[in-house]
Amino acid sequence: MKNLVRKLDSVDFLKMDRRTFMKAVGALGATVFLNTYKTEIVSALELEETKLIWLHGSECTGCSISLLNAGNPDIAQALTKLNVNLAYHETLLAQQGIFVDGKLANTSELNSEILLEELIEEGNYILVVEGSIPNGPNGSGKYLMLGNRTFKEILGAAAKNANAIVAVGACAAYGGITSADSDVAKDTDYRGVAFSKKDSKGGMLQELGIDKPVINIPGCPAHPDWVLLTLGAVILGKINIPEDLPDVLDQYGRPKVFYPPDHTVHENCPRRGFYDRGEFDDQVGGEKCLWKLGCKAPYAHADCAIRKWNGSVSMCTQAGGPCIACVEPDFPDMARPLYVEAEDKGVLLGANIDTISKVAVGAAAVTAGVHAVRRMKGE
Ligand code: SF4
Ligand code: SF4
């Protein structure tokens, strides 16, 4: 990595075209990108302050926690480097509710509702949404209220005035855990900002009649690099919205550089050698392939196994947890039951896992064949 940084030191990031820039941030972590280019970027561009409004819908706040876990730079350093004013983030801001110390708080310095209204009115901000948006009951959106307004209504107002919209995490992107199939799913009717599961016309913005592009950064939670580097690319004007989006995003609105359409977590898994030899763990705590314990990595399009998590230290399968394909639009339903082998889905274009394990030596060849077919098809 040190060599890579040294090499890139001589590269002028600012002169890179969008395509090269996106390739570079795909290869780099946020640490390297922000630390190496911070001074040059800020002084060369005299970066104007970018305002960020970060809304929280129905969620566990895990994506904010993931971002707060970003180590070097941490979230505060990263925002400073990109000259971002995190103007509104419900779980981080100091403002409180209507009453503070028993007294009516009717200024934006004290009252978060007034602050948000003023920020939306001023406009000129990037809107980040974390968490899904309930449409229920009966299309009212009343399953999530902030003060006397539905979250659905607040999202609509904030989206209308935003310069760019980024949906962070599986819930904001596609509905995620909140929209999992259940007896109440129809009544709660949780939506992503622009999608409902795989349906690109079922998102809350479409429901509200708002036609604006959205960048999805799914994951449960989203990786801090995916969030910071995407925001960095938008702030630096390396992704022009909406012109560049068809080229930069896949069919589910994900930046292809972090969620490659032709690459799954399985391909670079540290346990991949065991898979190729047909050696599988049948209980947790082992060192072999986790397929039979329910690993869904062959369906998960993300760079987790290359980028790694927690400061590039480890990732799900490396730590012994089967991948649950948390980046996919139909997560979690497509991955359920989470820790049970996906018997009905062939890993390799319909091939059966047991057949593959019986002809272990051939497995690598089959995989290589799949890549070759993909290359031939130009996928
Ligand atoms: S543990 Fe999962 S990702 Fe790793 S080799 Fe096995 S199936 Fe693939
Ligand atoms: S390895 Fe799988 S479950 Fe883990 S973060 Fe990546 S896509 Fe999600």
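The values are calculated or read from the model by the stated rules, or taken from the named source; none is laboratory data. This is a predicted model, so every value here is computed, not measured. Note that we place each Cβ from the backbone using ideal geometry, even for glycine, and neighbour counts take in every protein chain shown. All accessible areas refer to the heavy atoms of the entire protein, side chains included, with ligands and DNA or RNA removed. Shrake-Rupley method; radii C 1.70, N 1.55, O 1.52, S 1.80 Å.
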Return the pairs, sorted by first residue and then second, in which the second residue is among the hydrophobic types (A, V, I, L, M, F, W, C), the first residue lies in the range 94-121 and is in contact (Cβ under 8 Å) with a residue 60 or more places away in the chain, the beta carbons are less than 6 Å apart, and the residues are 6+ apart or on different chains.
119/53; 119/87; 120/157; 120/158
Quick check on the range 289-333: of everything there that is within 12 Å of ligand 2 (Cβ to nearest atom) and in a helix (DSSP H, G or I), which residue is most open to solvent (accessible area, probe 1.4 Å)?
306
Scanning the range 226-255 for residues that are aliphatic (A, V, I, L, M) and not in a helix (DSSP H, G or I), the one surrounded by the most Cβ atoms within 10 Å (Cβ to Cβ) turns out to be 239
Inter-residue pairs, beta-carbon under 7 Å, first within 11 Å of ligand 1 (Cβ to nearest atom) and in the range 316-336, second not hydrophobic (A, V, I, L, M, F, W, C) and not in a loop (DSSP other than H, G, I, E, B), 6+ apart:
325/299
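Let's see how each residue does on (1) under 28 Å from the mean Cα position of the chain (by Cα); (2) within 19 Å of residue 259 (Cα to Cα); (3) modelled with pLDDT of 85 or more:
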| position | (1), (2), (3) |
| --- | --- |
| 302 | yes, yes, yes |
| 305 | yes, yes, yes |
| 333 | yes, no, yes |
| 336 | yes, no, yes |
| 347 | yes, yes, no |
